[in-house]
Amino acid sequence: MRPFAQVPHVSTTRSRSGSSSVIVTPTNVPSSNGGIESEALKMLQPLDKGIRSGIVSQQCESIVRFSELIKKYPLPIVANTALLKLAEVFHASDNNFVRYWIVNVFEEVKLELPKVLNKNEMIKKTSVVLSSNDPIARALTLRLLSHMSSILSERTDVHHKIETCLLTSTDASEQEAAMLAVEQMCSVSSQFATQIQPKIEGLIKDLKTPISTKLKLIRVLKHMHTADAHQIQKTFETLKSLLHDYPSQDFYIVILDTATKLSVRSIQIAKETFTLLFTVLETDDRKKVKIECLKNLSQLTLRLTDLYASEFPHQVLKSLLVESPYRSIRQHAMQLLVVMSKSLYIVRTWFFKHSKDFLPFQIFEHFYFHKNDSFADLSLNIMINCVCHQVNKPIDNDVTDSEIDVNVIINKLTDALCLITFKRLNQSSDIKSLKSIVDFAVKFVRIAPQTSSEAIARSLIEHCLISTVPIERTCLIAKCIYKFAPICAEAISKHYSQLVNFSENISTQPDSEVCISFLIGTIFRASRSHSATNIPSHQVHTLIKSLQHSPYATYLIARQALYFGCHTFALETFDTISTKVDSEHNHHWLTHLNTLAMALQPNQNDAECHLGSSLSSLRACLNELQTNHSSVSGGKDNKKNKDYETGSRQNSGFQVEFIQWHITRVNYERDLMLFLNCNFKNDVVKINPFRLQEYIINFKSLADRIQVVAHSHYGIDAESELLLHSMMLYCLVVVDSLLRFSNHSVSNLKFPSSTSIQKECSRIHKEVVRMQPGNVDVLIHHILMPLLSVPHQIPPYYFVVSRHTFVQLEIEANKKHMGTSTANVVNRAIGSTVAQVGQGLVVHFSGYIRTDKPGIKSIAIELTGVGADQSQQLVEASIIEDSFQAQSVLHFDVEGLHQVNVKLKLLDSSRKYWHTRINQQIMIQVDPIKVNTRLAAFT
């Protein structure tokens, strides 16, 4: 199977005027059944009639609808036909109002212009209007050509006409349109940019050119990056000379902005641009010019290499921060330092190197308690970034000129964060300022957990949990503590009683359920991360009894317990609210969660008995979920309707996959334990290696399966994805233990996170590495039994209210329907067909997708040969109104039976692939080429 070639079918027709037009049937639209193409042509017919109407209003209405047609059906044949018709109307019409709306349509669909196949004809029909005596018509034509710049980069005839209009036009609207066309053309054509640059320079220096026109012409020079290096340098020298010729503020701002944008696109003049900006910043006293310099410096520092920024004159920034009377200038200087602090190299060679003269940390500390919250946020951001680089990669002694005790900086930052949080919590400022300082606290604790976590956690719990503060502010503090609970679990464990008591105090306030769930969830999270601490069960149960008036808050507490594997506590909590539900679907959902918690409880005594009961509970749980499919949809935090789930939209796809994975896991674990115990009790020295290999394959497939689940649900949260990764590592630890038992090398597994599953799996994996091959006793009692005692958590995505994405794929070849595939059917051969050696087999794909996830705009079909022919093809198709169509050509050089695997993936706006469960096979019988015997005899 060779790489496919998509060759369109081309037919040529000739119009009455003698010009030829090409009508193309694109390869990504099956021509056998019409489909989307016929719908587009059906919509085009009344529009074609409308643009030829003699009534201007009706004509304009039809023209406007052409953009809707092209966007709705972005096919080459539609774009080609529609835009050619508009170009014909633009050429033939004498009404500039009609031309104006055609220009608007071209602006909206300019991304579809490369699909036009009759480009020459369209350019010819539109550019001829430049010969008109009407300056408005010429201006509209120039604007139209500016929108067509993507297909005019090599058209020197059009370039010449645009240049002529720029140099000879006397009408203001035409001249403005010509400058727009020149700007767009320079951005795509290096030849045009090189040609027009001296003419623009001459117009700028011409005394007859108006000031407003000169400013617009200067902005065109930012697109000269498409020219060669010599021309770019010449453009920069021109801009520098213009600073001396035109010293007014407006010219300075435009020239500096143009030089910066040109430098971002061409790094060769970056150092000179930095020097120019700092020279102007130091010597020019105008406020707006200084702000423009600081903005441009931030932009350049963010885009270009750190080597240039490390040479900044620190004394200039110091004088701005300390001596400038303008708050806006100081603020922009701080924003520049924020950008610089993101670079490790700049922090090491600039902040610390110039610490004696610049004293950056003393200056930033001065802004901690500034009356303007934005200054405090900027200074904290800079300091946290610097501490982050120092903690992760300590600075060498030969790099800095002074010894800086980072621990002192960390301690001052810790005190500042605590005081600023308390201050903003109690003041009547915008809640966004409190949220920003809370985010900084979380970031800082993650950077320096050993020195700052205990102090910040103690301060937030003791001083910021105040019942008189509005509940939305208290909820932000509770969420902050919840986020860094695993990092400072030991410090939080000392305040369990205070967290429970505060939860009880605010339980009577309206909309306090979510805040209470975060506070109690902090206890579960900390106790799971720090094994030395235990959950204060008696105090939490007392709290639950006090929440009799709010069963929804109790439900959220139980859900937090499920997140962190505290299934025994969750079961006891569900019992307290099982009789207080007010709807049938809530009852079914609680029953389902109760059964699931029973099934996922860790093993305590007899493994075989425990696995048997877990298996029956999981099957009952799955039956409960499938039976109540219409009413069970996961929990949602809905403040207006304190319901456990909405019942309207569902996430049952992930829920079913999660339960089925655990059913398979428990089945494999039970079979493995029975097999090993049977051999251990009978004192069998040699265990059947083929059975062991079968278990290794089973657990490997189980690890791959949970990884596919993680990549099959678009929009899954990071915490759930991390938990699914932990479940995959759980299976791989079992695989390594069986490999080590069989005297094979084990993999080098990494356990990067601090989840309870990964911590326990990491400890057990060390036992696997130390285990002697063939030791059944160690394998059972020191590895597998501890693994069965690991609590399996329920990911937060399990409770997300989200409709499962539904995908359906139909495959057709040789005008034969080979079957319909949905995501519910996995690895099934759906049909077979016949092909010939050396001749391409056209395979059509069409389908339907239903998803409420934003960002899914296209699909990708992966075709992979099986066996000796393992070539791979990838076909992409856009999703238009929940449907897609595509086709591919398969080539075979060898006769026989060939198998091709078909996988369908979703493609989001960031070009990230998301798996679906469609993974099918096509069987193709390739026969020898049939020779025409009569033709062969004649030859």
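The values are calculated or read from the model by the stated rules, or taken from the named source; none is laboratory data. Predicted model, so just to flag it, every value in this text is computed and none were measured. Here Cβ is always computed from backbone atoms with ideal geometry, including for glycine, and neighbour counts include all displayed protein chains. Keep in mind that these areas ignore ligands, DNA and RNA; they rest on the heavy atoms of the full protein, side chains included. Shrake-Rupley method; radii C 1.70, N 1.55, O 1.52, S 1.80 Å.
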Please give the number of the condition Ser878 fails out of (1) surrounded by fewer than 18 Cβ atoms within 10 Å (Cβ to Cβ); (2) in contact with a Gly (Cβ under 6 Å, 6 or more places away or on another chain); (3) closer than 22 Å to Glu812 by Cβ. (2)
If the Cβ limit is 6 Å and pairs must be 6+ apart or interchain, which residue in the stretch 683-694 that is assigned to a loop (DSSP other than H, G, I, E, B) pairs with which residue that is at pLDDT 60 or above and open to solvent by less than 90 Å² (accessible area, probe 1.4 Å)? Ile687/Asn679
Only one residue in Lys483, Lys435, Lys443 is open to solvent by 20 Å² or more (accessible area, probe 1.4 Å), under 18 Å from Arg559 (Cα atoms) and in contact (Cβ under 8 Å) with a residue 40 or more places away in the chain, so which one is that? Lys483
Single residue of the stretch 746-771 satisfying the filter (open to solvent by 60 Å² or more (accessible area, probe 1.4 Å) and modelled with pLDDT under 80) that is farthest from Phe524 (Cα to Cα): Asn748
Might you let me know whether the stretch 524-535 holds any residue that is closer than 20 Å to Ile466 by Cβ and not in a loop (DSSP other than H, G, I, E, B)? no
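Checking the structure you have, find out if any residue of the stretch 581-596 is of a type in the set (A, V, I, L, M, F, W, C), touching a helix residue (DSSP H, G or I) at 6+ places or on another chain (Cβ under 7 Å), open to solvent by 30 Å² or more (accessible area, probe 1.4 Å) and in a loop (DSSP other than H, G, I, E, B).
For the stretch 581-596, residues of a type in the set (A, V, I, L, M, F, W, C), touching a helix residue (DSSP H, G or I) at 6+ places or on another chain (Cβ under 7 Å), open to solvent by 30 Å² or more (accessible area, probe 1.4 Å) and in a loop (DSSP other than H, G, I, E, B): present.
Being among the small types (Gly, Ala, Ser), open to solvent by less than 20 Å² (accessible area, probe 1.4 Å) and in contact with a helix residue (DSSP H, G or I) (Cβ under 8 Å, 6 or more places away or on another chain) is true for just one of Ala259, Ala229. Which residue is that?
Values: Ala229 fails: open to solvent by less than 20 Å² (accessible area, probe 1.4 Å).
After ruling out the rest, the residue left standing is Ala259.
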Any idea which residue in the stretch 409-468 is nearest to the chain's Cα centre (by Cα), counting only those that are acidic (Asp, Glu) and within 17 Å of Tyr482 (Cβ to Cβ)? Asp439
Just to be sure I understand the filter: pairs with C-beta atoms under 8 Å, separated by 6 or more residues or on different chains, first member in the stretch 269-280 and within 11 Å of Leu300 (Cα to Cα), second member charged (D, E, K, R). Which pairs pass? Phe274/Glu311
Go through (1) hydroxyl-bearing (Ser, Thr, Tyr); (2) at pLDDT 75 or above; (3) within 20 Å of Pro791 (Cα to Cα) and name the single condition Ser701 misses. (3)
Considering only the stretch 37-56, I want to know if a residue exists there that is among the charged types (D, E, K, R) and crowded, with 18+ Cβ neighbours inside 10 Å. yes
Could you grab me the full set of residues in the stretch 741-752 that are in contact with a Lys or Arg (Cβ under 9 Å, 6 or more places away or on another chain) and either in contact (Cβ under 8 Å) with a residue 24 or more places away in the chain or aliphatic (A, V, I, L, M) (or both)? Val746
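Residues are listed down the side, and each one gets a yes or a no for (1) modelled with pLDDT under 80; (2) closer than 22 Å to Lys318 by Cα; (3) surrounded by 19 or more Cβ atoms within 10 Å (Cβ to Cβ):
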{"site": "Trp350", "(1), (2), (3)": "yes, yes, yes"}
{"site": "Asp357", "(1), (2), (3)": "yes, yes, no"}
{"site": "Phe361", "(1), (2), (3)": "yes, yes, yes"}
{"site": "Asp373", "(1), (2), (3)": "no, yes, yes"}
{"site": "Leu378", "(1), (2), (3)": "no, yes, yes"}
{"site": "Asp401", "(1), (2), (3)": "yes, yes, no"}
{"site": "Asn407", "(1), (2), (3)": "yes, no, no"}
{"site": "Asp415", "(1), (2), (3)": "no, no, no"}
Identify, please: which residue in the stretch 834-862 is touching a Lys or Arg at 6+ places or on another chain (Cβ under 8 Å) and crowded, with 18+ Cβ neighbours inside 10 Å and is, among those, modelled with the lowest pLDDT? Thr851
Considering every residue within the stretch 772-781, establish whether at least one is open to solvent by less than 50 Å² (accessible area, probe 1.4 Å) and either on the phi > 0 side of the Ramachandran plot or among the small types (Gly, Ala, Ser) (or both). yes
Inside the stretch 263-291, can you point out the residues that are within 32 Å of the chain's Cα centre (by Cα) and either within 23 Å of His314 (Cβ to Cβ) or surrounded by 21 or more Cβ atoms within 10 Å (Cβ to Cβ) (or both)? Ser263, Ala270
Does Ile200 count as of a type outside the set (Asp, Glu) and either in contact with a Phe, Trp or Tyr (Cβ under 8 Å, 6 or more places away or on another chain) or open to solvent by less than 30 Å² (accessible area, probe 1.4 Å) (or both)? yes
Are there any pairs, at least 6 apart or on different chains, whose C-beta atoms fall under 9 Å, with the first in the stretch 132-155 and open to solvent by 40 Å² or more (accessible area, probe 1.4 Å) and the second assigned to a loop (DSSP other than H, G, I, E, B) and among the aliphatic types (A, V, I, L, M), and if so, which? Ser150/Val188
Quick one: Ser429 ticks every box in (1) among the hydroxyl-bearing types (Ser, Thr, Tyr); (2) at pLDDT below 85; (3) crowded, with 22+ Cβ neighbours inside 10 Å except a single one, so which number is it? (3)
Test: residue in the stretch 527-543 that is open to solvent by less than 10 Å² (accessible area, probe 1.4 Å) and in contact (Cβ under 8 Å) with a residue 40 or more places away in the chain: yes
When the stretch 457-470 is checked residue by residue, the ones that are crowded, with 18+ Cβ neighbours inside 10 Å and farther than 20 Å from Asp373 by Cα are Ala457, Ser459, Ile461, Leu465
Could you please find all residues in the stretch 245-256 being open to solvent by 10 Å² or more (accessible area, probe 1.4 Å) and either in contact with an Asp or Glu (Cβ under 7 Å, 6 or more places away or on another chain) or not small (Gly, Ala, Ser) (or both)? Asp245, Tyr246, Pro247, Gln249, Asp250, Tyr252, Ile253, Val254
Could you say which residue among Glu183, Glu176 is closer than 18 Å to Thr238 by Cβ, surrounded by fewer than 21 Cβ atoms within 10 Å (Cβ to Cβ) and not hydroxyl-bearing (Ser, Thr, Tyr)? Glu183
What residue, among those in the stretch 71-102 that are closer than 16 Å to Thr141 by Cα and of a type in the set (Val, Ile, Thr), is surrounded by the most Cβ atoms within 10 Å (Cβ to Cβ)? Ile102
